[in-house]
Amino acid sequence: MATTPTDVPRSQYPRPQFVRADWLCLNGEWGFEIDQGDTGRERGLVDRKLAGRITVPFCPESALSGVGNPDFMAAVWYRREVAIPGAWGHRHVLLHFQAVDYDATVWVNGRETARHRGGFTPFTVDLTGLAEPGTTATIVVRARDYRDAPQPRGKQSPKYENFSCLYTRTTGIWQTVWMEPVPDRRLLRPRITPDAGNGMIRIEAPIAGDRAGLALFAELSDRGGVVCSATCPVGDFSPRLDLAIPEDRRRLWAPGDPHLYDLAIELRDGKGATVDRATGYAGLRSITIDGPAVRINGKPVFQRLVLDQGYYPDGILTAPTDAALVRDIELSLEAGFNGARLHQKVFEERFLFHADRLGYLVWGEFPDWGCSGQGPGHDHQRPGPDYITQWLEVLERDYSHPAIIGWCPLNETWQAYGDRIRALDDVTRGMFLATKAMDLTRPVLDTSGYAHRVPESDVYDSHDYEQDPARFKATHEPLREGKPFVNGDPKDPQSVPWRGQPYFVSEFGGIWWNPDAKPGEDSWGYGGRPTSVEEFHARFAGLVDALLDNPKMFAYCYTQLTDVYQEQNGIFRFDRAPKFDLERIRKVQQRAAAIEREGA
């Protein structure tokens with residue numbers, strides 16, 4: 001096992017559900033250079049030292065990177081020499097990038113080895129034939145991130161400054177870079193599927209390399225020791241094992257009791273020797289739809305979600321520490337929420353790991369806010385085939401996390417239904433079908449708010465930032481009689497009609513509160529700012545009550561967990577300092593009627 005110096009930032013294992021013993025974290029100081037004209041390849045940046053330094057995994061816009069340049073950068077370059085441990089023997093060395101925004105090219109020892117487009121998903125480079133254990137690898141990365149390219153970018157601002165609900169950009173490497181040695185015949189990332197009804201965990205384990213004579217072995221354990229195990233011959237690309245859990249050892253994963261089983265998976269040869277081994281964990285839980293309810297383990301659980309955008313003052317999209325990821329979940333739970341929409345960002349795997357172990361419900365989402373499909377000049381994010389390919393990478397990475405209880409590929413798309421330009425229709429349906437092809441175990445919302453395009457979407461929603469509790473309640477009371485609020489002009493609808501699916505208001509609130517804001521200061525929230533903290537609490541309670549009291553509502557999502565730059569409508573400030581009496585906020589959400597509704 002390679003050791004990581006204690007001063008290396010974000011040095012925790014980046015892939016907690018698929019862990020190998022040997023690995024090397026490459027975070028820390030790298031050579032760095034901004035390439036404003038994207039001419040670096042012509043100017044020889046592949047082959048020479050770079051002019052500056054940067055701290056990886058923090059983006060150059062951030063203070064933690066040591067660069068702190070918030071301007072547009074057409075391209076940025078990274079360079080580092082890495083001594084590959086000789087103890088890794090005669091194994092393949094894999095170089096992993098957890099996320100690079102946006103269009104990455106990698107050279108190793110002067111040879112181009114990989115390209116990847118997509119700012120939120122991982123990719124891997126096999127260094128076989130380029131750099132072996134016991135040698136030094138010179139790694140060079142170029143990341144392109146053009147200002148006007150219509151790529152998915154979430155809430156990253158298309159202007160120099162932050163404005164409205166658009167924020168400082170992220171360019172280049174912004175999640176962990178690392179290496180691991182693997183055998184020629186090896187496990188690829190498994191798909192872990194809980195089957196609570198039959199008391200089992202299903203393992204599908206893709207295999208790389210020659211499969212002849214191999215067997216797949218998997219074992220579940222808990223504090224009491226081994227729970228169950230199974231083995232099967234490797235007869236195809238992705239052998240499957242069902243790990244049947246004895247009744248007296250079955251314990252469900254649920255909010256408040258997030259039980260996780262330890263999981264070990266091995267490839268064994270014909271003599272029973274271990275060829276490859278990885279460890280992880282699994283949770284046993286079910287998600288079902290019953291009329292207007294979404295049930296977890298057969299029980300209705302009202303999802304008190306909060307919008308979490310995952311920004312940090314010093315790291316932007318990258319949390320400064322692993323503890324900061326944990327703290328955000330703890331803050332949400334302290335305020336009475338039991339989950340979050342992970343909004344317009346693909347959160348790093350370690351956040352999902354902490355959500356799994358803390359019993360925190362989350363909806364996975366793709367970063368594409370405001371795409372309309374109207375064509376050039378209308379937006380800086382236009383739906384295309386790259387949306388679907390990158391979303392498939394998200395689904396592959398995150399499929400096995402029990403905390404994820406729903407998928408939402410798109411957010412606030414807009415286009416009148418039936419327009420001549422059908423790109424939005426095609427991509428929305430493509431992303432929905434891609435989600436269903438990858439995962440039949442979770443509900444899928446085709447898009448959050450506005451342009452619902454898929455009639456068979458599992459759930460339906462709306463966004464409503466009305467600030468008057470009485471008017472807000474009046475808008476949503478008709479849901480009791482089967483008449484939900486739908487975003488858009490009824491005379492020129494953007495959405496297919498609601499078909500009786502479970503329904504929720506997936507964005508509401510956003511109450512502006514910054515009593516220190518000066519006239520003319522860039523500070524905003526939805527509606528008029530309350531005149532006092534007491535008025536805030538009254539408004540919050542009224543809005544929450546309107547949804548919590550509606551028996552046809554299965555969830556809500558309050559905007560938002562923290563302030564983000566100028567958008568100052570969080571429960572907490574941008575630095576995570578509390579703004580309100582958390583006990584009062586918690587009691588509003590967890591009053592007796594709400595708890596009874598959850599079957600507790």
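The values are calculated or read from the model by the stated rules, or taken from the named source; none is laboratory data. Computed from a predicted structure; not experimentally measured. Cβ coordinates were reconstructed from backbone atoms using ideal geometry, including for glycine residues, and neighbour counts include every protein chain displayed. Accessible surface is based on the protein model in full, side chains and every heavy atom, while ligands, DNA and RNA are left aside. Shrake-Rupley method; radii C 1.70, N 1.55, O 1.52, S 1.80 Å.
Filtering segment 526-547 to residues that are open to solvent by 10 Å² or more (accessible area, probe 1.4 Å), hydrophobic (A, V, I, L, M, F, W, C) and under 17 Å from ASP468 (Cβ atoms) leaves ALA538, ALA541.
Only one entry in ASP522, ASP563 is of a type in the set (D, E, K, R) and more than 25 Å from the chain's Cα centre (by Cα), namely ASP522.
For segment 125-151, give me each residue that is within 30 Å of PHE574 (Cβ to Cβ), part of a loop (DSSP other than H, G, I, E, B) and open to solvent by less than 40 Å² (accessible area, probe 1.4 Å). ASP145, ALA149, GLN151, listed by residue number.
Scanning segment 88-102 for residues that are closer than 21 Å to GLU348 by Cα and surrounded by 19 or more Cβ atoms within 10 Å (Cβ to Cβ) yields a total of 7.
Looking only at segment 70-87, residues that are in a strand (DSSP E or B), crowded, with 17+ Cβ neighbours inside 10 Å and either at pLDDT below 95 or not aliphatic (A, V, I, L, M) (or both) come to 4 in all. Would you please list the contacts, defined by Cβ atoms under 9 Å and residues six or more apart or on different chains, that run from a residue in segment 152-172 that is under 17 Å from PRO313 (Cβ atoms) and surrounded by fewer than 20 Cβ atoms within 10 Å (Cβ to Cβ) to a residue that is acidic (Asp, Glu) and modelled with pLDDT under 90? Correct list of pairs: GLU161/ASP522; ASN162/ASP522. Picking from residues in segment 392-442 that are crowded, with 22+ Cβ neighbours inside 10 Å and of a type in the set (Phe, Trp, Tyr), the one that is nearest to THR193 (Cα to Cα) is TRP407. Going through (1) out of contact with any strand residue (DSSP E or B) (no Cβ under 6 Å at 6 or more places or on another chain); (2) open to solvent by 50 Å² or more (accessible area, probe 1.4 Å) one by one, TRP498 falls short only on (1).
The condition of being closer than 19 Å to PRO497 by Cα, surrounded by 18 or more Cβ atoms within 10 Å (Cβ to Cβ) and of a type in the set (D, E, K, R) holds for ASP464. Considering (1) under 27 Å from GLU61 (Cα atoms); (2) in a strand (DSSP E or B), the lone condition that VAL93 does not fulfil carries the number (1).
Among the residues of segment 502-509, not a single one is assigned to a loop (DSSP other than H, G, I, E, B), modelled with pLDDT under 95 and within 32 Å of the chain's Cα centre (by Cα).
Screening PHE32 with (1) in contact with a Ser or Thr (Cβ under 8 Å, 6 or more places away or on another chain); (2) in a strand (DSSP E or B); (3) closer than 29 Å to ASP148 by Cβ gives one miss only, at (1). For segment 566-590, filtered to residues that are in a helix (DSSP H, G or I) and in contact with a His (Cβ under 9 Å, 6 or more places away or on another chain), the residue that is nearest to ILE329 (Cα to Cα) is ILE585. Within segment 510-524, the set of residues being more than 27 Å from ALA416 (Cα to Cα), at pLDDT 90 or above and not aliphatic (A, V, I, L, M) comprises TRP512, TRP513, ASN514, SER523, TRP524.
Within segment 495-527, being within 21 Å of TRP407 (Cα to Cα) and not hydrophobic (A, V, I, L, M, F, W, C) holds for SER495, PRO497, ARG499, GLY500, GLN501, PRO502, TYR503, SER506, GLU507.
Of all residues in segment 10-29, those that are part of a loop (DSSP other than H, G, I, E, B), within 15 Å of ILE84 (Cα to Cα) and within 24 Å of the chain's Cα centre (by Cα) total 3.
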